[in-house]
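S.K.: The structure that follows is given in the form of structure tokens.
The values are calculated or read from the model by the stated rules, or taken from the named source; none is laboratory data. These numbers come from a predicted model, not from an experiment. Reconstructed Cβ throughout: ideal geometry from the backbone, glycine too, with neighbour counts over all protein chains shown. Side chains included, ligands, DNA and RNA excluded: accessible areas come from the protein's heavy atoms. Shrake-Rupley method; radii C 1.70, N 1.55, O 1.52, S 1.80 Å.
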Amino acid sequence: MIKVYQFMADGFEDIEALIPLDVMRRGGVEFTTVSITGSRDVTSAHGVTVKADTTFDKACFDDADLLMLPGGMPGADNLNNHDGVKKAILAQAGKGKLVAAICAAPMVLGGLGLLKGRRATCYPGFEQYLEGAEYTGDLYTVDGNIVTGEGPAAALPYAYTLLSILKDADTADGIADGMRYMHLMER
């Protein structure tokens, strides 16, 4: 079973966290949300409280195929200030395994030096935190084992892209079609 862990901090952007979760679970991926708050309860940037699957202190990421960072403020700052999250991301990237961040969260990857010499995107205005990266401004950017997304509107294509990497394009396209995304793109 493909395993994805998504770190959840207070102030996360709602759809950047929940759309990838929905898409991945529809695609048959084991997707675990991990709260870094010390409690399973995590409150979004828009005041929606969700219950994460587990807490950081109870999780092990050795079997992760993908580690994800949703954006939002102050969520991305909270992720960036969590030493355990940064250690897990560095370990994952060090093994050549998949890491993804969207919106403001690519600043965590930039601060860790993971974007040097790579192409990446982020929410406009956060380019300064993509240390050493070539900023693309695209909805999503794939460069090796690093995938970045631009912002809330990119959540669906970002999630479908990650699913196609983890499984295959047919699975991702089938989910996208079933969710009427392909129909939307025909307009």
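S.K.: Name the residue that is most open to solvent (accessible area, probe 1.4 Å), counting only residues in region 146-171 that are free of Cβ contacts under 8 Å to residues at least 60 places away in the same chain, under 14 Å from LEU69 (Cα atoms) and not aliphatic (A, V, I, L, M).
M.R.: So, considering only residues that are free of Cβ contacts under 8 Å to residues at least 60 places away in the same chain, under 14 Å from LEU69 (Cα atoms) and not aliphatic (A, V, I, L, M), the one most open to solvent (accessible area, probe 1.4 Å) is GLU150.
S.K.: Looking at GLU134 and the list (1) free of Cβ contacts under 8 Å to residues at least 24 places away in the same chain; (2) closer than 27 Å to SER44 by Cα; (3) not small (Gly, Ala, Ser), which single condition is not satisfied?
M.R.: Against the list (1) free of Cβ contacts under 8 Å to residues at least 24 places away in the same chain; (2) closer than 27 Å to SER44 by Cα; (3) not small (Gly, Ala, Ser), GLU134 comes up short only on (2).
Matching residues to (1) outside any strand (DSSP E or B); (2) not small (Gly, Ala, Ser):
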| position | (1), (2) |
| --- | --- |
| MET1 | yes, yes |
| GLN6 | no, yes |
| ALA17 | yes, no |
| LEU21 | yes, yes |
| MET24 | yes, yes |
| VAL34 | no, yes |
| GLY38 | yes, no |
| THR43 | no, yes |
| HIS46 | yes, yes |
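Listed here are the residues, each with its yes/no results for (1) part of a helix (DSSP H, G or I); (2) open to solvent by less than 50 Å² (accessible area, probe 1.4 Å).
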{"site": "ASP77", "(1), (2)": "yes, no"}
{"site": "ALA88", "(1), (2)": "yes, yes"}
{"site": "VAL99", "(1), (2)": "no, yes"}
{"site": "ALA104", "(1), (2)": "no, yes"}
{"site": "LEU109", "(1), (2)": "yes, yes"}
{"site": "LYS116", "(1), (2)": "no, no"}
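S.K.: Among the helices (runs of 4 or more DSSP H) confined wholly to region 137-187, which include 3 or more residues that are within 27 Å of ALA76 (Cβ to Cβ) and more than 12 Å from the chain's Cα centre (by Cα)?
M.R.: Per the criteria, 155-166, 169-178.
S.K.: So in region 54-69, with the set limited to residues that are without any contact (Cβ under 8 Å) to a residue 40 or more places away in the chain and not in a loop (DSSP other than H, G, I, E, B), which one is least open to solvent (accessible area, probe 1.4 Å)?
M.R.: For region 54-69, the residue satisfying everything is THR55.
S.K.: Those residues that are open to solvent by 40 Å² or more (accessible area, probe 1.4 Å) and touching a Ser or Thr at 6+ places or on another chain (Cβ under 6 Å), I need them from region 1-24; list them, please.
M.R.: Of everything in region 1-24, just one residue is open to solvent by 40 Å² or more (accessible area, probe 1.4 Å) and touching a Ser or Thr at 6+ places or on another chain (Cβ under 6 Å), namely ASP10.
S.K.: So which residues in region 31-53 are surrounded by 15 or more Cβ atoms within 10 Å (Cβ to Cβ) and without any contact (Cβ under 8 Å) to a residue 40 or more places away in the chain, if there are any at all?
M.R.: Hits for region 31-53 are PHE31, THR32, THR33, VAL34, SER35, THR37, ARG40, VAL42, THR43, SER44, ALA45, ASP53.
S.K.: Shifting gears a bit: Here is a list: GLY132, GLY72, GLY94, GLY137. Which entry is more than 17 Å from ILE2 (Cα to Cα), open to solvent by less than 10 Å² (accessible area, probe 1.4 Å) and not charged (D, E, K, R)?
M.R.: Answer to the selection: GLY72.
S.K.: With respect to ALA176, is the statement that it is open to solvent by 20 Å² or more (accessible area, probe 1.4 Å) and among the aliphatic types (A, V, I, L, M) true?
M.R.: No; evaluated as a whole, the condition is false for this residue.
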